[in-house]
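All remarks here apply to the structure that follows.
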Amino acid sequence: MDVDRPAQLLQPLFVPRKTMTGPGPSNMSPRVEAAASLPPLGSFQLHPESITIMNDVREALKYLFQTNNDVTLCISGCAHAAAEAVCDNLLETGSSVLVGCNGLWGERFAEMASRKDAKVDKLVKAPGQVFALSELEEKLKVVRPALTFITFGESTGGTLQPMEGIGPLCHRYGSLLVVDGVAAVGAAPMFMDRWGIDVLYTGSQKALSSIPGITPISFSNAAWKRIVNRKTKVRTFLSDIRLLAVLWNCIPDANRGYHHTPAVALLYTLREALAELVEEGLEERWRRHSECTALLHKGIEILGLELLVKEPVGIIQTALNKTIVCLYRMLITNIDQILYVYQTN
């Protein structure tokens, strides 16, 4: 052989079991872990069980997002793939985009949009700060963007952006509203339709406690109309939402069609993670995360540290983001010790 067998692969794989206290991935329940080892199924043409699983996921995502959008599905890939899909489908050369940047994820979206030859304007705030409606409106008046991007849970700054009023404000100036909900959806209240959000995506590995690599996303009727009425073809076949909507049977009276084979094990685990969410109920899930967040914040204060985010309304409500929320010029990782200190005082 020209290349020898790699000796390290002759050893069994060992992955230690750790308590994950970073912004994600998070620990999975035994039920979700077990789903990853279920037998693989092929695409829907061969296995009706696959159709059932995909339909289950779609209905659960509508509940998670609190939306009735038909075009609600999953992107094969991490949340970066969802952000790329948003840019691919809603932007054309010269499209104007307003990006709220108060951490890494706004900067990352701005970079993606610029690579699609869009005209990008930024509204910049320091990490740990959120955007006021007045600030957004002032920028919207000047830029008049086709698309406005906001991060709901900015894990690199620890902020939870208040969303009420932003959707109608964007629509008043002719802009669609895109929201990165990766680090917060499932842990903090989210009402996609009520708040006028046009595109929302979240991570499977954060508050949903599943495996990364598959990303839930939903498009409003206005966003879908923008996609359908594009002047040019979507440049990337894999992220073409019109094709993915057929795969996921999102289009009424349209036959489900093949696009690609999803990672079936990730569908299994996401389905079970969503089932646990449905069984617990959104209100209880939100309450539990809020309670854990308050407990952590109290422990941080007992240690004599300060939260980067000063206003409680702007603090991300997720225990899964607990190492990032507690920045005081350092990253706190020994969360178990912090909680122990709090509980024994």
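The values are calculated or read from the model by the stated rules, or taken from the named source; none is laboratory data. These numbers were taken from a predicted model, which means no experiment stands behind them. Neighbour counts run over all protein chains shown; Cβ positions are idealised from the backbone, glycine included. The accessibility values were calculated without ligands, DNA or RNA, using every heavy atom of the protein model including side chains. Shrake-Rupley method; radii C 1.70, N 1.55, O 1.52, S 1.80 Å.
Observations on the structure shown:
- Normalised per residue, the volume of the convex hull around the Cα set of segment 130-196 (Å³): 80
- Computed from the alpha carbon positions, the gyration tensor of segment 1-152 leads to an equivalent ellipsoid with semi-axes of 37, 23, 19 Å, biggest first.
- For Glu280 and Leu303, the difference between the fully extended length at 0.36 nm per residue and the C-alpha to C-alpha distance is 5.0 nm.
- Overall dimensions of the chain as given by Cα atoms, namely Rg and Dmax in Å: 20.8, 67
- Rg over Rh, two decimals, segment 175-295 (C-alpha only, Kirkwood Rh): 1.00
- Solvent-accessible heavy-atom area per residue, rounded to whole Å², over segment 151-290 at 1.4 Å: 37
- Gain on full extension, evaluated as 0.36 nm per residue between Glu59 and Lys122 minus their Cα-Cα distance, stands at 19.2 nm.
- In percent, rounded to a whole number, the relative contact order of the chain is 24, using alpha-carbon pairs under 8 Å and six or more apart.
- Relative to the current alpha-carbon distance between Ala132 and Glu107, full extension at 0.36 nm per residue lengthens the span by 7.1 nm.
- Of Gln129, Gln161, Gln11, the one that fluctuates the most in a GNM where the chain has Cα springs shorter than 10 Å: Gln11
- Dividing the helix sum by the residues of the chain, where each DSSP H run of 4 or more adds -39500 (n - 2.57), gives a mean residue ellipticity at 222 nm of -11500 deg cm²/dmol.
- With every protein chain in place, the chain: carbon and sulfur % of accessible area (1.4 Å): 55
- Note that segment 137-154 has calculated 3J(HN,Hα) couplings of 5, 4, 6, 4, 4, 7, 7, 6, x, 7, 9, 10, 10, 9, 8, 5, x, 7 Hz, one per residue in order, obtained from phi through the Karplus relation 6.51 cos²θ - 1.76 cosθ + 1.60 (θ = phi - 60°); glycine and proline are x.
- Counting charges near Ala275 (Lys, Arg +1; Asp, Glu -1) among other residues having Cβ under 12 Å from its Cβ returns a value of -4.
- Put simply, when 279-287, 143-151 are sorted by average Cβ atoms within 10 angstrom per residue, most first, you get 143-151, 279-287.
- Distance distribution P(r), segment 67-219, all Cα-Cα pairs, bin width 10 angstrom from 0: 12, 45, 38, 5, 0 percent.
- In this rough spin-label picture, where each label sits 7 Å from Cα along the Cβ direction, the Ser290-Thr93 distance is 5.0 nm.
- Packing-based order for 185-195, 15-25, using average beta carbon neighbours within 10 Å, highest first: 185-195, 15-25
- Highest mobility in the GNM of the chain, judged by mean-square fluctuation with C-alpha springs under 10 Å and restricted to Val142, Val246, Val57, is found for Val142.
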